[in-house]
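Trainee: Questions regarding the structure given below will be posed in turn.
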Amino acid sequence: MVRKLEAQGLRHEAVLAAMRSVERHRFVDSALANQAYEDTSLPIGLGQTISKPSVVARMIELLCHDRSEKLGRVLEIGTGCGYQAAVLSSVSIEVYSMERLRGLHERARANLRAFRLSNLHLLMGDGMLGYAKGAPYAAIIAAAGGNDIPQAWIEQLAVGGRLVAPTVTSAGKQNLVVIDKTARGVVRTELEAVHFVPLKSGIG
Ligand code: SAH
């Protein structure tokens with residue numbers, strides 16, 4: 001799987017190492033384990049999916065820029081099965097990951113127990129509000145796409161920080177959107193089209 005990511009142009013050493021070390025088959029149903037190392041999203045229950053490895057790697061690489069040092073405090077919206085959270089924890093000093101569906105929050109907790117990632121905190125709640133207690137964040141990453149980037153995320157991003165989220169753009173399609181918060185204001189960049197599950201408000 002990681003060789004294919006390298007062939008696709010993924011270059012960041014720490015991200016590659018994290019993708020190599022987190023075994024994706026531990027996060028999907030045993031009936032799907034034989035597909036765990038293919039570059040495809042897979043169902044994880046409650047109508048949600050584990051993201052494609054190439055997209056996980058691409059988004060985390062965007063968060064890291066070209067820098068080799070670890071990310072500081074990171075907020076992830078949409079824990080799902082916990083796979084991306086585990087990858088993030090290996091390239092960050094601290095990770096807060098929020099999930100709005102209790103069933104998945106608990107599944108992620110069970111999936112991640114054996115990894116003993118002391119810098120990863122799983123939270124149950126509506127990630128559209130962010131998590132103010134952990135702010136400001138060096139990086140924010142969303143695994144579910146909305147029509148817009150919630151203002152709370154931009155507020156909770158540190159100056160110098162970067163946010164990556166699938167978002168509906170003016171063309172009416174979902175694209176990866178990068179927000180860089182600089183001392184002079186917010187810079188928004190729209191990248192390639194993606195297919196993420198919808199960002200929903202409230203908890204379930
Ligand atoms: N990164 C995950 C991908 C999960 S899919 C993984 O590796 O498995 C996206 C997840 O976002 C779903 O579990 C969905 O329930 C969750 N989600 C959608 N809207 C949310 C919100 N407002 N707050 C928190 N989680 C949300």
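The values are calculated or read from the model by the stated rules, or taken from the named source; none is laboratory data. Keep in mind the model is a prediction, meaning the values are calculated, not measured. Heads up, the Cβs are rebuilt from the backbone with ideal geometry, glycines too, and the neighbour counts pull from every protein chain shown. Remember, those area values only see protein heavy atoms, side chains included, never the ligands or the DNA or RNA. Shrake-Rupley method; radii C 1.70, N 1.55, O 1.52, S 1.80 Å.
Trainee: Out of all the residues in the range 2-38, which are hydrophobic (A, V, I, L, M, F, W, C) and open to solvent by less than 30 Å² (accessible area, probe 1.4 Å)? Outline the logic, then answer.
Mentor: Step one: of the range 2-38, the residues hydrophobic (A, V, I, L, M, F, W, C) are 2, 5, 7, 10, 14-19, 22, 27-28, 31-33, 36.
Residues satisfying the conditions are Val2, Leu5, Leu10, Val15, Leu16, Ala18, Met19, Val22, Phe27, Val28, Ala36.
Trainee: Restricting to the range 76-121, what's the tally of residues that are part of a helix (DSSP H, G or I) and within 14 Å of the chain's Cα centre (by Cα)?
Mentor: Residues of the range 76-121 part of a helix (DSSP H, G or I): 83-91, 102-113.
If we keep only those that are within 14 Å of the chain's Cα centre (by Cα) too, we end up with 83-91, 108.
Adding up the residues that qualify gives 10.
Trainee: On the given criteria, is Ile60 within 26 Å of Ala135 (Cα to Cα), open to solvent by 50 Å² or more (accessible area, probe 1.4 Å) and either in a helix (DSSP H, G or I) or at pLDDT 95 or above (or both)?
Mentor: Details: within 26 Å of Ala135 (Cα to Cα): yes; open to solvent by 50 Å² or more (accessible area, probe 1.4 Å): no; either in a helix (DSSP H, G or I) or at pLDDT 95 or above (or both): yes.
Spelling it out, it is not the case that Ile60 is within 26 Å of Ala135 (Cα to Cα), open to solvent by 50 Å² or more (accessible area, probe 1.4 Å) and either in a helix (DSSP H, G or I) or at pLDDT 95 or above (or both).
Trainee: Please go through the range 157-171 and pick out each residue that is over 11 Å from Leu191 (Cβ atoms) and in a loop (DSSP other than H, G, I, E, B).
Mentor: Those that are over 11 Å from Leu191 (Cβ atoms) and in a loop (DSSP other than H, G, I, E, B): Ser170, Ala171.
Let's see how each residue does on (1) of a type in the set (Val, Ile, Thr); (2) under 16 Å from Val56 (Cβ atoms); (3) away from the ligand (no atom under 11 Å from the Cβ); (4) crowded, with 22+ Cβ neighbours inside 10 Å:
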site: Val95; (1), (2), (3), (4): yes, yes, yes, yes
site: Ala108; (1), (2), (3), (4): no, yes, no, yes
site: Leu129; (1), (2), (3), (4): no, no, no, no
site: Lys133; (1), (2), (3), (4): no, no, yes, no
site: Pro136; (1), (2), (3), (4): no, no, yes, no
site: Ile140; (1), (2), (3), (4): yes, yes, yes, yes
site: Ala152; (1), (2), (3), (4): no, no, no, no
site: Gln156; (1), (2), (3), (4): no, no, yes, yes
site: Asp180; (1), (2), (3), (4): no, no, yes, no
